[in-house]
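Trainee: Questions regarding the structure given below will be posed in turn.
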Amino acid sequence: MTMMSQEILLQRIIDVLGGMDAITSGGVVPGGGIVVVVNDSVAVSNLSFAPLGAHSDGATISSATTLTPPTGATKIMIQALTQNVRFTLDGTAPTASKGFQLKSGDPAMIISIDSTTVLKVIQEAATADLQYQWGA
């Protein structure tokens with residue numbers, strides 16, 4: 001994961017935690033990690049990402065589509081461009097109103113997966129551009 005990606009992920013963590021007021025310290029760690037300490041007691045760390053295989057761009061997702069990980073993948077970095085995208089992790093078919101939402105233009109997010117995860121995606125509106133990269 002690049003330092004820029006780590007900084008974006010750190011900002012997302014700060015946003016989820018309710019802003020900088022909740023953060024007592026934090027930063028990016030060269031070589032693949034992020035550390036955030038909340039109220040001097042909770043730490044989130046070691047969110048590394050090592051790409052596996054090729055970057056996927058412009059997948060057709062007008063109907064529910066399964067994204068199949070390569071051998072050894074434990075994560076996916078995923079981002080929606082141009083239109084929002086919905087996804088599920090349990091194999092159920094997402095719809096334009098069902099599933100977790102990737103908002104168009106938001107920074108890429110990393111999702112951990114295991115052997116039981118079945119990741120399915122669908123666009124909310126025509127012309128969605130889904131970018132993703134499997135990783136470990």
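A quick yes/no check of all residues on (1) buried (at least 17 other Cβ atoms within 10 Å of the Cβ); (2) in contact with a Leu (Cβ under 6 Å, 6 or more places away or on another chain):
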residue	(1), (2)
51	no, no
55	no, no
59	no, yes
66	no, no
69	yes, no
84	no, no
90	no, no
93	no, no
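Trainee: Wholly within the range 22-123, which strands (runs of 3 or more DSSP E) include no fewer than the required count, namely at least 1 residues that are modelled with pLDDT of 90 or more?
Mentor: The qualifying strands (runs of 3 or more DSSP E) are 51-57, 65-67, 75-81, 85-88, 100-102, 119-123.
Trainee: Here is a list of conditions, (1) surrounded by fewer than 18 Cβ atoms within 10 Å (Cβ to Cβ); (2) among the polar types (S, T, N, Q); (3) part of a strand (DSSP E or B), and residue 133 meets all of them except one; can you say which number that is?
Mentor: Checking residue 133 against (1) surrounded by fewer than 18 Cβ atoms within 10 Å (Cβ to Cβ); (2) among the polar types (S, T, N, Q); (3) part of a strand (DSSP E or B), the one that fails is (1).
The values are calculated or read from the model by the stated rules, or taken from the named source; none is laboratory data. Bear in mind that the values here come from a model prediction, so they are computed numbers and not experimental data. All Cβ positions, even for glycine, are placed from backbone atoms using ideal geometry, and neighbour counts span all protein chains on display.
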